[in-house]
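Right, one structure below, let's go through it.
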Amino acid sequence: MAETFRLKIIAPTGVFYDGDIERIVVRGTEGEFAILPGHTPLTTTLACSTFQIIFGDKNKKYGTLLGGFATINPEETIILTDAAEWPEDIDLERAKEAKDRALQRLKDSKYDAARAQIALQRAIIRINTKEHH
Amino acid sequence: MAENVQDIKRRIKSVNSTKQITHAMEMVASAKLRKSRELAENRYPYFESMIHSMGRIVERTGKSRNVFMNQREVKKTAYIVITGDKGLAGGYNVNVAKKVEEHIKDKNNAVIFAVGARGRDHFRNRDYKIQEEFLGISEHPDFFKARQITGLVMEAFKNEEFDEVYMVYTRFLSTISQHPYMMQLLPLEAEDLKPIKKEKVVEVAETKKDLTGMLYEPDPETLLDYLIPNYVANTLYGAMIESAASEQGARRTAMESATTNANDMIDALTLKFNRVRQAAITQEISEIVSGAEALN
């Protein structure tokens, strides 16, 4: 059994994950990085991305994080996110529809391009997470 | 006893059907109340962690140059008014509206962001300026909706359309007691964000260590830029949840007393009904008797 640390992923609607893990790979706004036990204290913002948790028994689990920020301490990491999902919670059809809609809106100038861009990004991450993991 | 037996019967029937409705509404409100409370409990972990993180950053940066944390001369005030979309909840909607009206000194210097149809109607009828309205969400608070609202409000605040923002909602004290409450949402007070005193005593040593060791990436100011909108949105989300719970609580109480009143009314009417019926029978008997006597 490898060394582990406590990870909490909390969304506004409730605690998404709370448990001991060996490693988590997330993408920060400055690039992808992994958090291991005994990490130096760090607070950083996260991008919309797929994350990967590796448990003490080497099992892996994937999920999506839609933005947020992480407070990292040697024994404990808290990730506050706008929304998090496991692949099994993702509705592929809906994500694909959202992607098409966002693409449509990007072409149409009457919609807010920035929002459509974010919606598109989210849809793509959801689809990737669902299809690859 | 001029009243007709048939009329009384009809009234009993009508009161009874009203009673059934109020009773059903009471039940529905109880069920919804439970759901709202669950939402409120689920929100706490996020909110607590966020306040904690923000408190630390603020402690570190001291006075922030962030536009949302700087006081400026107040010319115009915005109010986010959270009410329900429906009535029949006792004084729930009116109390919130009253609270806002008490605070507004000059109609021309106030703008309203109305969450909920009742609040909107109230202020529209009284010629207040309603900048935005959000209907149909009071009963189902949603974080993304809350963020959309605060997004609009913060944008306007940044453009100096108004210089302070108050949020008015109903605090849920218990299932039978709810109070309208007003809090300042913007600009943020750095003091409010610092860790609560009670907590500080326990964590003094740990906090000190964290403050020296904690790295921030990117810099604390950029983090604050991210955190503040989230904090404000989450505060509103919390208020919306609490208001939703309060609405259901108020409605439950109102409907409970309506049901009790209907029961009392039915009792009184049934008594009256029996008396009238008895009087009619007595009268008939005495008529027959006096008729028979006249024949003799």
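The values are calculated or read from the model by the stated rules, or taken from the named source; none is laboratory data. The model shown is predicted, which means the values in this text are computed figures rather than measured ones. Cβ sites come from the backbone with ideal geometry, for glycine too, and all protein chains shown count toward neighbours. Note: areas computed on protein heavy atoms with side chains; ligands, DNA, RNA excluded. Shrake-Rupley method; radii C 1.70, N 1.55, O 1.52, S 1.80 Å.
Within segment A:1-18, track down each residue that is more than 21 Å from residue B:144 (Cα to Cα), open to solvent by less than 60 Å² (accessible area, probe 1.4 Å) and at pLDDT below 90.
Here is the first cut: in segment A:1-18, the ones more than 21 Å from residue B:144 (Cα to Cα) are A:1-8, A:18.
After this cut, where a residue has to be open to solvent by less than 60 Å² (accessible area, probe 1.4 Å) as well, the list is A:2, A:4-5, A:7-8.
Listed by number, the residues that qualify are A:2, A:4.
Of the residues A:29, A:71, which single one is under 26 Å from residue A:122 (Cα atoms), touching a strand residue (DSSP E or B) at 6+ places or on another chain (Cβ under 7 Å), buried (at least 19 other Cβ atoms within 10 Å of the Cβ) and not small (Gly, Ala, Ser)? Walk me through how you get there before you give the answer.
Numbers: A:29 fails: buried (at least 19 other Cβ atoms within 10 Å of the Cβ).
That would be A:71, the only listed residue that is under 26 Å from residue A:122 (Cα atoms), touching a strand residue (DSSP E or B) at 6+ places or on another chain (Cβ under 7 Å), buried (at least 19 other Cβ atoms within 10 Å of the Cβ) and not small (Gly, Ala, Ser).
Residue B:135 is checked against (1) modelled with pLDDT under 90; (2) open to solvent by 60 Å² or more (accessible area, probe 1.4 Å) and fails just one. What number does that condition carry?
(1)
Need the failing condition index for residue B:227 against (1) surrounded by fewer than 21 Cβ atoms within 10 Å (Cβ to Cβ); (2) at pLDDT 75 or above; (3) in a helix (DSSP H, G or I), just the number.
Among (1) surrounded by fewer than 21 Cβ atoms within 10 Å (Cβ to Cβ); (2) at pLDDT 75 or above; (3) in a helix (DSSP H, G or I), residue B:227 violates only (1).
Which condition number does residue A:45 fail, the rest of (1) more than 9 Å from chain B (Cβ to nearest Cβ); (2) under 18 Å from the mean Cα position of the chain (by Cα); (3) within 24 Å of residue B:47 (Cα to Cα) being met?
Every condition holds for residue A:45 apart from (1).
Of the residues that make up segment B:66-75, is at least one at negative phi and assigned to a strand (DSSP E or B)? Before the answer, list the steps.
Quick first cut of segment B:66-75, residues at negative phi only: B:66-75.
From what is left, the residues that are assigned to a strand (DSSP E or B) are none.
Within segment B:66-75 (the criterion being at negative phi and assigned to a strand (DSSP E or B)), the answer is no, since none of the residues qualifies.
Criterion first (open to solvent by 20 Å² or more (accessible area, probe 1.4 Å) and over 30 Å from residue A:45 (Cα atoms)) does residue B:248 satisfy it?
Working: open to solvent by 20 Å² or more (accessible area, probe 1.4 Å): no; over 30 Å from residue A:45 (Cα atoms): yes.
So residue B:248 fails the test.
Yes/no per residue for (1) within 29 Å of the chain's Cα centre (by Cα); (2) surrounded by 14 or more Cβ atoms within 10 Å (Cβ to Cβ); (3) at pLDDT below 90; (4) not hydrophobic (A, V, I, L, M, F, W, C):
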{"position": "B:14", "(1), (2), (3), (4)": "no, no, no, yes"}
{"position": "B:27", "(1), (2), (3), (4)": "yes, no, no, no"}
{"position": "B:41", "(1), (2), (3), (4)": "yes, no, yes, yes"}
{"position": "B:49", "(1), (2), (3), (4)": "yes, yes, yes, yes"}
{"position": "B:57", "(1), (2), (3), (4)": "no, yes, yes, no"}
{"position": "B:67", "(1), (2), (3), (4)": "no, yes, yes, no"}
{"position": "B:79", "(1), (2), (3), (4)": "yes, yes, no, yes"}
{"position": "B:100", "(1), (2), (3), (4)": "yes, yes, no, no"}
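Farther than 27 Å from residue A:11 by Cα, open to solvent by less than 50 Å² (accessible area, probe 1.4 Å) and aliphatic (A, V, I, L, M): which single residue out of B:8, B:21 fits that description? Lay out the reasoning, then the answer.
Working: B:21 fails: open to solvent by less than 50 Å² (accessible area, probe 1.4 Å).
Matching residue, one of B:8, B:21: B:8.
On the basis of being crowded, with 16+ Cβ neighbours inside 10 Å, closer than 17 Å to residue B:94 by Cα and within 14 Å of another protein chain (Cβ to nearest Cβ), does residue B:255 make the cut? Break it down stepwise before answering.
Numbers: crowded, with 16+ Cβ neighbours inside 10 Å: yes; closer than 17 Å to residue B:94 by Cα: yes; within 14 Å of another protein chain (Cβ to nearest Cβ): no.
No; evaluated as a whole, the condition is false for this residue.
Restricting to segment B:153-177, and then to whatever is loosely packed, with under 15 Cβ neighbours inside 10 Å and more than 16 Å from the chain's Cα centre (by Cα), can you tell me which residue is nearest to residue B:100 (Cα to Cα)? Even if it seems obvious, please write down each step before you answer.
Step one: filter segment B:153-177 for residues loosely packed, with under 15 Cβ neighbours inside 10 Å, giving B:155, B:158-161, B:173-174, B:176-177.
Now drop any that are not more than 16 Å from the chain's Cα centre (by Cα), which leaves B:155, B:158-161.
Working: B:155: 22, B:158: 23, B:159: 24, B:160: 21, B:161: 19 Å.
Step by step, filter segment B:153-177, then rank; the result is B:161.
Residue by residue through segment B:117-141, note down the ones that are in contact (Cβ under 8 Å) with a residue 40 or more places away in the chain and in contact with a Phe, Trp or Tyr (Cβ under 8 Å, 6 or more places away or on another chain).
B:131, B:141
Specify the residue that is modelled with the highest pLDDT; the eligible residues are those in segment A:75-115 that are of a type in the set (S, T, N, Q) and farther than 30 Å from residue A:40 by Cα.
Applying the filter and picking the extreme gives A:104.
Residues B:110, B:114, B:89, B:146: which one is over 24 Å from residue B:251 (Cα atoms) and either surrounded by fewer than 15 Cβ atoms within 10 Å (Cβ to Cβ) or hydrophobic (A, V, I, L, M, F, W, C) (or both)? Spell out how you get there, then give the answer.
On the way: B:114 fails: over 24 Å from residue B:251 (Cα atoms); B:89 fails: over 24 Å from residue B:251 (Cα atoms); B:146 fails: over 24 Å from residue B:251 (Cα atoms).
Answer to the check: B:110.
Against the conditions (1) touching a Pro at 6+ places or on another chain (Cβ under 9 Å); (2) at positive phi, where does residue B:90 fall short? Just the number, please.
Just one mismatch for residue B:90, condition (1).
How many of the residues in segment B:161-219 are among the hydrophobic types (A, V, I, L, M, F, W, C), modelled with pLDDT of 55 or more and outside any helix (DSSP H, G or I)?
Keep residues of segment B:161-219 that are among the hydrophobic types (A, V, I, L, M, F, W, C), which gives B:162, B:165, B:167-168, B:172-173, B:176, B:182-183, B:185-186, B:188, B:190, B:193, B:196, B:201-202, B:204-205, B:211, B:214-215.
Now narrow it down to the ones that are modelled with pLDDT of 55 or more: B:162, B:165, B:167-168, B:172-173, B:176, B:182-183, B:185-186, B:188, B:190, B:193, B:214-215.
With the extra rule that they be outside any helix (DSSP H, G or I), the set shrinks to B:162, B:165, B:167-168, B:172-173, B:176, B:182-183, B:185-186, B:188, B:214-215.
Residues flagged as among the hydrophobic types (A, V, I, L, M, F, W, C), modelled with pLDDT of 55 or more and outside any helix (DSSP H, G or I) within segment B:161-219 amount to 14.
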